[in-house]
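The values are calculated or read from the model by the stated rules, or taken from the named source; none is laboratory data. Keep in mind that this is a model prediction, so the values were computed, not measured. Ideal geometry is used to build each Cβ from the backbone, glycine not excepted, and the neighbour counts take in all protein chains shown. Only protein heavy atoms, including side chains, enter the accessible area calculation; ligands, DNA and RNA are left aside. Shrake-Rupley method; radii C 1.70, N 1.55, O 1.52, S 1.80 Å.
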Amino acid sequence: MSAVNPAFLDELEAYGENAGALCFNCGTCAAVCPLDGGHFPRKMIRYAQIGAVDRIREESRELWRCLHCGLCTQTCPRGANPGEVILTLKRLFAAEWRKS
Amino acid sequence: MYEPKDIIAILANNVRKTMSPFGIPKSMVNGWWKEESLPRNGETLLVTGLMYQLVPFIETATTWLARYEDAKWAEYLPYSRFVPPRLSGLGLAMITPAEAKRKAAGHLKNIVKAMRASGRRFGYQPELDEYSGILLYDLGDQEGFVRHAKRVAARLKGAGVTSIVTVDPHTTYALKVLYPKYADASFEVRAYFEDLNLSGAHAGETLSIHDPCFYGRYLELSGASRKALGNLGYACADARRSGLFTSCCGGPAESISPKLASRIGAKRVEALGGSGERIVTMCPICLHNLEKAGADVTDLSTVLAGGLKTA
């Protein structure tokens with residue numbers, strides 16, 4: 001069981017411009033991602049949308065496999081900027097590490 | 001894969017203390033200009049961002065990282081923070097082959113050669129040429145990146161710099177897009193190949209272009225490099241994914257997972273190699289990672305400078 005936080009996307013805005021709410025989970029980003037395998041970055045964006053922070057934290061290493069190449073953002077039919085959502089999540093955790 | 005937290009901590013500490021991600025003294029990184037008789041002042045300042053110069057050290061560092069990735073020894077990486085950055089940087093510099101450093105310097109000399117042949121007037125002040133901090137940005141260390149960007153921007157602004165010519169996509173993106181946004185510093189920034197005015201006759205040779213993500217997609221400069229090559233008489237073949245839809249070389253993953261970087265690089269080489277033409281790119285990271293994946297890749301600067309011989 002994982003707790004959800006519907007306000008999480010709003011909280012993320014402190015770490016970057018975030019259009020994650022626009023995502024309708026079509027999976028184009030995961031299909032074009034050079035990492036090809038699994039559901040990255042779609043899964044992370046879905047977790048962010050529902051505020052499943054525990055899940056993101058558990059799988060946070062995955063965020064740093066992202067090449068920041070921007071192909072997902074270029075091809076996103078919703079303009080949800082998946083690459084920026086991933087970068088914003090990285091910033092969130094990096095900021096937490098700095099504080100710790 | 002290494003723990004991102006450990007890698008970020010090391011890189012951020014190095015940048016904060018030495019302005020360099022590897023802690024290598026700048027005098028050991030940036031010496032290519034000494035034989036070039038470059039003017040200090042010009043309408044535009046050449047800023048390399050030290051990316052080409054750092055690649056030989058990246059090669060050495062990632063070779064070692066690859067050796068211990070996922071091994072038990074990787075757990076001890078956090079303890080490296082107790083080693084002073086300049087000491088570890090000096091060590092890295094000592095074990096990096098001189099030939100790799102000469103090769104990197106050669107690319108910059110070729111860029112200067114092409115710009116001079118184009119009549120481009122520019123100055124170079126090595127003391128103002130600093131690493132942009134782009135890796136910290138990519139890794140999500142926003143605080144570290146902004147602090148560093150402000151230091152670099154303050155030096156440039158303090159010297160009265162308004163116009164900059166760059167040589168690699170990462171530095172170009174940082175100075176053109178990120179510095180105005182995060183470091184309150186706006187410069188007129190142009191990639192060196194945007195304003196070249198060269199001519200030659202290389203009809204018959206077709207080049208397979210690998211667009212770096214930052215040039216092809218983020219900065220939309222694919223047309224400029226093709227135009228420069230076209231003016232020299234080269235024809236350019238596009239890979240299946242090119243321009244706005246170019247595919248990554250894998251290089252950005254090197255610091256966290258050399259294995260992943262190699263896997264992505266091998267896929268890209270396979271896609272580029274289909275035409276059998278000479279592969280050309282214009283990014284030191286792409287160049288290094290595609291070469292590592294087994295491709296015979298030529299830097300754009302080599303092609304441009306080589307083309308001048310018969311121009």
*Within the range A:20-37, how many residues turn out to be open to solvent by 60 Å² or more (accessible area, probe 1.4 Å), outside any helix (DSSP H, G or I) and closer than 27 Å to B:PRO252 by Cα?*
2
_Selection within the range B:215-233 - within 14 Å of another protein chain (Cβ to nearest Cβ), of a type outside the set (Lys, Arg), open to solvent by less than 30 Å² (accessible area, probe 1.4 Å) and in contact with a Leu (Cβ under 9 Å, 6 or more places away or on another chain)_ = B:TYR215, B:GLY216, B:SER222
*Among the residues of the range B:158-181, write down those that are in contact (Cβ under 8 Å) with a residue 12 or more places away in the chain, over 17 Å from B:LEU46 (Cβ atoms) and more than 21 Å from the chain's Cα centre (by Cα).*
none
*How many residues are crowded, with 24+ Cβ neighbours inside 10 Å and either modelled with pLDDT under 95 or not in a strand (DSSP E or B) (or both) if we restrict to the range B:160-172?*
6
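Is it the case that some residue within the range B:114-129 is of a type in the set (S, T, N, Q), in contact with a Ser or Thr (Cβ under 6 Å, 6 or more places away or on another chain) and open to solvent by 10 Å² or more (accessible area, probe 1.4 Å)?
No, the range B:114-129 contains no residue that is of a type in the set (S, T, N, Q), in contact with a Ser or Thr (Cβ under 6 Å, 6 or more places away or on another chain) and open to solvent by 10 Å² or more (accessible area, probe 1.4 Å).
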_If the requirement is being within 10 Å of the chain's Cα centre (by Cα), surrounded by fewer than 18 Cβ atoms within 10 Å (Cβ to Cβ) and more than 7 Å from chain B (Cβ to nearest Cβ), which of these qualifies: A:ARG78, A:ARG57, A:ARG42, A:ARG46?_
A:ARG46
*Hey, can you tell me all the residues within the range B:248-272 that are without any contact (Cβ under 8 Å) to a residue 40 or more places away in the chain and open to solvent by 40 Å² or more (accessible area, probe 1.4 Å)?*
B:ARG263, B:ALA266, B:LYS267, B:GLU270, B:ALA271
*Of the criteria (1) in a strand (DSSP E or B); (2) touching a Leu at 6+ places or on another chain (Cβ under 6 Å), which one B:TYR52 fails*: (1)
*Can you tell me which residue within the range B:235-247, out of those that are open to solvent by less than 30 Å² (accessible area, probe 1.4 Å) and more than 11 Å from chain A (Cβ to nearest Cβ), is nearest to B:GLU220 (Cα to Cα)?*
B:SER242
*Can you spot a residue in the range B:43-51 that is open to solvent by 30 Å² or more (accessible area, probe 1.4 Å) and more than 23 Å from B:PHE145 (Cα to Cα)?*
yes
*Does at least one position in the range B:134-149 carry a residue that is surrounded by 17 or more Cβ atoms within 10 Å (Cβ to Cβ), without any contact (Cβ under 8 Å) to a residue 40 or more places away in the chain, away from chain A (no Cβ under 14 Å) and closer than 25 Å to B:LYS26 by Cβ?*
yes
*Would you mind stating whether B:GLU291 is part of a helix (DSSP H, G or I), surrounded by fewer than 24 Cβ atoms within 10 Å (Cβ to Cβ), within 19 Å of the chain's Cα centre (by Cα) and free of Cβ contacts under 8 Å to residues at least 24 places away in the same chain?*
yes
*Would you point out the residue of the range A:61-75, among those that are over 16 Å from A:VAL32 (Cα atoms) and open to solvent by 20 Å² or more (accessible area, probe 1.4 Å), that is nearest to the other protein chains (Cβ to nearest Cβ)?*
A:ARG61
*Which condition does A:GLU17 not pass, out of (1) open to solvent by 30 Å² or more (accessible area, probe 1.4 Å); (2) free of Cβ contacts under 8 Å to residues at least 60 places away in the same chain; (3) closer than 23 Å to B:ASP141 by Cα; (4) not hydroxyl-bearing (Ser, Thr, Tyr), if it passes all the others?*
(2)
